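To start, the structure under review is shown below, and the notes come after it.
All of the numbers you see were taken from the coordinates with simple rules; none came from a lab. Nothing here was measured: the structure is a model prediction, and the numbers come from that model. Please note: Cβ atoms are built from the backbone with ideal geometry, for glycine as well, and neighbour counts cover all protein chains shown.
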């Protein structure tokens, strides 16, 4: 059974702390195996990719080719359900419209001394997008990763996706095309990450790697970090529903289960000031679980990590929300708008009863790649800023150097960096 | 001798690639030792900090206290050179003015369907700032890390700094006060990073840790990443001067040496289309080295990692600059402005002969914490964005859910996530 906490209980602080500290993921120690794979790909390139794909994915890329051709992509697209393709197009357009507003602006200004300052944003030159294969192959995630990169102006977007037994989900290929992916390679695992970072005879290297993956992929990303940039390491997904007595318990139950069906380590939490609602939601979850295709996964997630927390009022819930820093936060209350401004830590907020998280997962337009495992305390969901970088600009003329130089010399000398001081002094003396 | 490359040579591409791949840093494998320290501090808190500080810093924090008191800070400030303090204040004010313009704006908008979207930025609740002790204790770096956090609105800025033999650089304490640091603890190394991440009896934990440190500090930051956020792992510093025949060789030599004096692994590079200038700069470096206090360090850096690259014209240099992705780029040419827009990868650009990098290191206003080791290909210097995070906001009413719901249901079903589809359908059916 999921746990039930009550903020009125004397032991609530202790039990909440314990709940907060719950580990939902045992990360397998695959570092050693991954190190060997990365070194092999860095040294032998394509030959290593072909061998490893034969071993792990039972597919001969020597015959099939590493790169997925435009013909294959078109053929895959032709097999897709037109309704799903239409939905993907709607999603792509909405994601694009949302992310265009995130494009940061350059800035140049001249201060009172006449110093010219500013910064310039430029897109990363090449980005790699890891897409998992098999059951966790989500075309929506392809769009969520590719579209912001495209909006950012990344000139080269490279996708890697494993093809176990030669198979790639056709909708994933269709999403890649829709999302503006430039090159697709049918390789996965740590070897794909290594190929993106180091390049091979066939694949030119990229400068940053994004996208979710299993323990091997995550370990490989950590290992190549520094050589290339990486996005966050995603953990199991979570939702927190903050609701009052006006909420519909069946709807909340459906949302909790939408989270729980992802993964046995997913987490669904309800915080409410209405004990009756809590009971109704628990009952509705039990009832809805009976007819869910992925009931085994959802049941395990709800049983092991689900929670209901009763508070005296919604304000009392706010520090709990901030401590949990949920990936997804649904606010289902009489006045949800008034709560938004009081929350510091959440990846995304879904406002009101008519905004189930699933809308945001697919077609809302906002990004569904969001910080998990309480990392919303210090990080943001994926966006355009993840695909650009800023160069600062500073320009002095002789007068500005004369005005600022003495202070720079004083600090250089105070820090024992005389060559710093001299690089300023030599110019002042020569005026 | 530093290497000299010429783009006209037949072997230039190969030699440049080799130069690009030069490793300047052997990262000591301290992971194992650091893991033990982190676990010890997480388990025993203050007691572990006190023991480890006695062992590594020869200081008894049981007697002296972990936290640096306001009285101690005031006393330290009183011993500082007033000229240096004044320079720090100027630096603080200019860093603040530059970074205020980086504060990102919230966004809320309603699209054609009536869907309300947007995002909200919030400051990270608590940030830890690591400051090295001993010779590498730079008060300017304290400001460069603390001021953007303060501008971002971080309510709690915590500084840790080792006090070997009980000593802390007074100017570092003065800079912390000027920069708005809220708490200072005299503890360093991996143990300080662990204390910031896990908290102890005396130190409350933080959500993100920034600031440079030695191999132990870097390893500890990597290990606690996920539990808390971290900034980039800084490598040895670099400068690239791109100059034409109009440049003053003595000034360039001074700038190359200002970089070289940091560290034997620092790197100074000149790229020019004027062979005579290259020779003059090399001669000026040799001459200026003779009278430099840190000549041993600067000589080693210049000898081992310095380089002069001759190109036929400045346009030919641009792809080389992008490949090197220098932390600092000086443009000293007849028309430096025209080059700025052609460069994709650089941490900071210093424009024209009157803007030595040292101005930016101290009092220009832009941040001197910049991406090293070619990471300007995918990352930016420190700024306000490193201390805030974004929460996306999505709000549908019944009509918007009706408009978007079917596409979300189609994608949920296509991905085999029926509970996702149901969380939308259950609301549509109930209208």
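Here are the numbers for the structure shown:
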| quantity | calculated |
| --- | --- |
| Residue A:43 versus residue B:47: modelled label distance in nm, points set 7 Å from Cα along the beta carbon direction | 4.7 nm |
| For the range B:1-143, Kirkwood radius (reciprocal of mean inverse C-alpha pair distance, Å) | 22.2 Å |
| Inter-copy label distances at residue B:246 (7 Å, Cα→Cβ; nm, one decimal) | 6.6 |
| Estimated [θ] at 222 nm from DSSP helical runs (n ≥ 4, -39500 (n - 2.57)) normalised by residues in chain A, nearest 500 | -14000 deg cm²/dmol |
| Computed lengthening from residue A:204 to residue A:246, 0.36 nm per intervening residue step minus Cα-Cα distance | 9.6 nm |
| Label-point separation in nm, residue B:97 to residue A:60, each point 7 Å along Cα→Cβ | 7.0 nm |
| Amide N proximity, the range B:217-260 versus residue B:334 label position 7 Å along Cα-to-Cβ, cut-off under 13 Å | B:244-247 |
| Shielding by partners, peptide A:253-261 (average Cβ within 10 angstrom, other chains) | 5 |
| Partner chain coverage, peptide A:395-401 - average Cβ within 10 angstrom | 6 |
| Label-to-label distance, nm, for residues given as residue A:105 and residue B:67 (7 Å Cα→Cβ offset) | 4.2 nm |
| GNM result for chain B, Cα springs below 10 Å: residue of B:324, B:20, B:270 fluctuating most strongly | B:20 |
| Cα gyration tensor category, rounded, prolate or oblate, for the range A:312-375 with a/c compared to 1.5 | oblate |
| Label-zone membership for the range B:211-252, site residue B:35, 7 angstrom Cα→C-beta point, backbone N under 20 Å | B:215-228 |
| Most mobile of A:36, A:21, A:403 in a GNM of chain A (Cα contacts under 10 Å) | A:403 |
| Mean projection area, nm², convex hull over Cα of the protein assembly as shown | 35.5 nm² |
| Rounded FRET efficiency, nearest 0.05, which uses the C-beta distance separating residue B:8 from residue A:12 and R0 of 60 Å | 0.20 |
| Shielding score for B:2-9, defined as the mean number of other chain Cβ atoms within 10 Å | 0 |
| Cα-based shape type of chain B, given that a ≥ b ≥ c are square roots of the gyration tensor eigenvalues and the cut on a/c is 1.5 | oblate |
| Two-decimal Rg to Rh for the range A:123-191 - Kirkwood Rh, Cα set | 0.95 |
| Ranked by how many other beta carbons lie within 10 Å on average, peptides B:165-173, A:55-63 from highest | B:165-173, A:55-63 |
| Cβ-derived FRET efficiency at R0 60 Å, residue B:275 paired with residue A:323, nearest 0.05 | 0.40 |
| Shape of the range A:31-230, Cα gyration tensor, a/c cut at 1.5 | oblate |
| Percentage relative contact order, the range A:13-144, counting C-alpha pairs under 8 Å, at least six apart | 12 percent |
